[in-house]
Amino acid sequence: EEVGTDGGPVDPRHGNAGKHYRYRLFLGRIRDPRIVRFVWPVPQVPDVGRMRDAATHLVGTHDFAGFRSTMCQAPTTVRTIHAVDVREYASDRGDAMIDIDVRGTAFLHNMVRIIVGTLVEIGLQRGDRGRIDDVLATRDRTKAGRTAPASGLTLVEVVWPTAPR
């Protein structure tokens, strides 16, 4: 059991100051079966500019009830997102990829995967940035995009509170 600065146990799930998740999209057909477990293969190429524009509407403190799964047991759905970055690049093998990095203080069940699914749909011309605003305003999960597969999601960093001085 880990010990915190106050001598008590550390609760990694709830005792942190924030998290950074990365979701990786693979554009096109996967030729390397070793990576299929770590990406979401998207056969159509989404418009990254539209995704970036929509992502800016997620930043800030909002009620993210429309971006959580029905299994979510969180007592409150208000969360703060510090940044959502969408980056398109080519892998070492020359494959087209998109990384979506989401940084925030706390997340609801499947929140990042639903955000990614919604951004991909917007990138594929199924709605625009107003779709994000609509989901946030109505708190209606049915207005958000599909839940992206778990395979592309990685927890990059857990931000720990600084010790009191």
Problem - Residue match in segment 86-97 (condition: surrounded by 13 or more Cβ atoms within 10 Å (Cβ to Cβ), under 16 Å from the mean Cα position of the chain (by Cα) and not in a strand (DSSP E or B)) - result: no
Exercise for the section: Among residues belonging to segment 98-117 that are part of a helix (DSSP H, G or I) and closer than 23 Å to Ile35 by Cα, point out the one that is farthest from the chain's Cα centre (by Cα). Expected result: Gly117
Fill in the blank from the handout: Listed by range, strands (runs of 3 or more DSSP E) wholly within segment 12-71 having at least 3 residues that are of a type in the set (Phe, Trp, Tyr) are 18-27
Completion exercise
Looking across segment 44-83 at residues that are in contact with a Lys or Arg (Cβ under 7 Å, 6 or more places away or on another chain) and under 26 Å from Asp95 (Cα atoms), the single one that is least open to solvent (accessible area, probe 1.4 Å) is Ala54
Practice task
Scan segment 98-107 for residues that are of a type in the set (A, V, I, L, M) and open to solvent by less than 10 Å² (accessible area, probe 1.4 Å) and jot them down.
Solution key: Ile98, Ile100, Val102
Problem - Scan of segment 120-137 for residues that are open to solvent by 60 Å² or more (accessible area, probe 1.4 Å), not in a loop (DSSP other than H, G, I, E, B) and not acidic (Asp, Glu), ordered by number - result: Arg129, Ala137
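The values are calculated or read from the model by the stated rules, or taken from the named source; none is laboratory data. Computed from a predicted structure; not experimentally measured. Neighbour counts run over all protein chains shown; Cβ positions are idealised from the backbone, glycine included. For the accessible areas, the whole protein counts, side chains as well, though only heavy atoms, and no ligand, DNA or RNA atoms are used. Shrake-Rupley method; radii C 1.70, N 1.55, O 1.52, S 1.80 Å.
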